[in-house]
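Report on one structure; see the data block that follows.
The values are calculated or read from the model by the stated rules, or taken from the named source; none is laboratory data. Every value quoted in this text rests on a predicted model; they were computed, and no experiment measured them. Because the Cβ atoms are built from the backbone with ideal geometry, glycine has one as well, and the counts that use them run over all protein chains shown. The area values use the complete protein model at the heavy-atom level, side chains included, leaving out ligands, DNA and RNA. Shrake-Rupley method; radii C 1.70, N 1.55, O 1.52, S 1.80 Å.
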Protein chains: 2
Amino acid sequence: MERQKYEEIKGKALALYEKAGIILTEEEKTSIEVVDFGLHNIEVTGLQLITYVNTEKVCAKELALLPNQTCPEHKHPKRDFDEGKEETFRCRYGKVYLYVEGNETETRSAHPPQGDEENYTVFHELILSPGQQYTIYPNTLHWFKSGEDGAVISEFSTKSTDESDVFTDSRIIRVPMM
Amino acid sequence: MERQKYEEIKGKALALYEKAGIILTEEEKTSIEVVDFGLHNIEVTGLQLITYVNTEKVCAKELALLPNQTCPEHKHPKRDFDEGKEETFRCRYGKVYLYVEGNETETRSAHPPQGDEENYTVFHELILSPGQQYTIYPNTLHWFKSGEDGAVISEFSTKSTDESDVFTDSRIIRVPMM
Ligand SMILES: [Zn+2]
Ligand SMILES: [Zn+2]
């Protein structure tokens, strides 16, 4: 990703954090992580985030989703030191359409990115408005998408090790773009 | 604590959450925990909080401190299942004066509640403004106090088990008032 594009996306993420009333340090503002999952279509499939803390035990992040942006389907399998990452998502701003394993929701409010449908396999829907949250236990497939206003989500979890995440889409490389 | 007092303190906590831009569900609003630590002087020594999640692995809380209110000195010792609770405090609103083990800070910005000085033994000062945070590892004594505007603090931690906390003040019973 070009630096100019990175700066543009970062600016949009900062605007979302501001709308959510999230106060960041100047250092955090300059180090926002922008992830396009190697798909080079950040507005459609991507994620912006700040990691507040990531110790051996606990991780806390503030995720920002651009309007109608999708974080692609993945799971957090067993690791050397535990059964896999456990995540609680708490919506702080906007709307989050979260899909997990379980009975497929019949009339869903959001859909996978067009053309990528084959890489999405779980469709049990949870809709999170500000103040609402959901806990995803290890090794459970999940993906999520924001509504038209974008979204800000606090993530409370066990230790984060991005390299151990398993994505349904085999093209995905979980490295930050910049 | 009388219900009328509880409702008064709860109202003050809700006003602080609102100032911090924290959005809570109606259910969360009605279930705010108000803790006077058995000292019956809530405005001086006390804590208000909401627990978002507390699984076997991860806990997240939103703490509110009334103006100049102190959360008394304590530590989180070894438990059956781990080395003790680990806590990261992130200031969201107001100012937090946090005291931990280590070199005593010479000119401190806050002091223990008057008359309770004997129950405070660690004086290494950290001052947290909104966006700033600090991680307290297991079995480390700590206490904290808000500034004149009160404070809101996000706590990211391992599993919370209040009954295993050890307070320097032996009078303290860690049970919610209501
Ligand atoms: Zn995940
Ligand atoms: Zn503590």
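Below are the figures for this structure:
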read-out	value
Residue ranges of strands (runs of 3 or more DSSP E) in the stretch A:83-178 with at least 1 members more than 16 Å from ligand 2 (Cβ to nearest atom) and among the small types (Gly, Ala, Ser)	A:87-100, A:142-157
Some residue of the stretch B:121-128 being open to solvent by less than 50 Å² (accessible area, probe 1.4 Å) and either in contact (Cβ under 8 Å) with a residue 60 or more places away in the chain or within 16 Å of ligand 1 (Cβ to nearest atom) (or both)	no
Top-ranked residue of the stretch A:23-47 - restricted to ones that are within 14 Å of another protein chain (Cβ to nearest Cβ) and open to solvent by 20 Å² or more (accessible area, probe 1.4 Å), ranked as nearest to residue B:154 (Cα to Cα)	A:23
Every residue from the stretch B:55-76 that is open to solvent by 10 Å² or more (accessible area, probe 1.4 Å) and within 16 Å of ligand 1 (Cβ to nearest atom)	B:55, B:57
Residue B:94 surrounded by fewer than 18 Cβ atoms within 10 Å (Cβ to Cβ) and closer than 29 Å to residue B:18 by Cα	no
Complete set of residues in the stretch B:31-59 that are within 14 Å of ligand 2 (Cβ to nearest atom) and of a type in the set (A, V, I, L, M, F, W, C)	B:35, B:37, B:47, B:49, B:59
Among residues of the stretch B:1-16, those that are aliphatic (A, V, I, L, M) and open to solvent by 30 Å² or more (accessible area, probe 1.4 Å), counted	3
From A:89, A:81, residue being aromatic (Phe, Trp, Tyr), open to solvent by 30 Å² or more (accessible area, probe 1.4 Å) and under 27 Å from residue B:155 (Cα atoms)	A:81
Among residues of the stretch A:85-99, those that are within 10 Å of ligand 1 (Cβ to nearest atom) and more than 13 Å from the chain's Cα centre (by Cα), counted	2
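Matching residues to (1) more than 22 Å from residue B:2 (Cα to Cα); (2) modelled with pLDDT of 95 or more; (3) charged (D, E, K, R):
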position: B:33; (1), (2), (3): no, yes, yes
position: B:42; (1), (2), (3): no, yes, no
position: B:46; (1), (2), (3): no, yes, no
position: B:55; (1), (2), (3): yes, yes, no
position: B:59; (1), (2), (3): yes, yes, no
position: B:89; (1), (2), (3): yes, yes, no
position: B:103; (1), (2), (3): yes, yes, no
position: B:112; (1), (2), (3): yes, yes, no
position: B:118; (1), (2), (3): yes, yes, yes
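A quick yes/no check of all residues on (1) at negative phi; (2) within 14 Å of chain B (Cβ to nearest Cβ):
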site	(1), (2)
A:69	yes, no
A:75	yes, no
A:88	yes, yes
A:131	no, yes
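Residue by residue, here is whether (1) open to solvent by 10 Å² or more (accessible area, probe 1.4 Å); (2) within 14 Å of the chain's Cα centre (by Cα) holds:
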| residue | (1), (2) |
| --- | --- |
| B:117 | yes, no |
| B:138 | yes, no |
| B:146 | no, yes |
| B:154 | no, yes |
| B:162 | yes, yes |
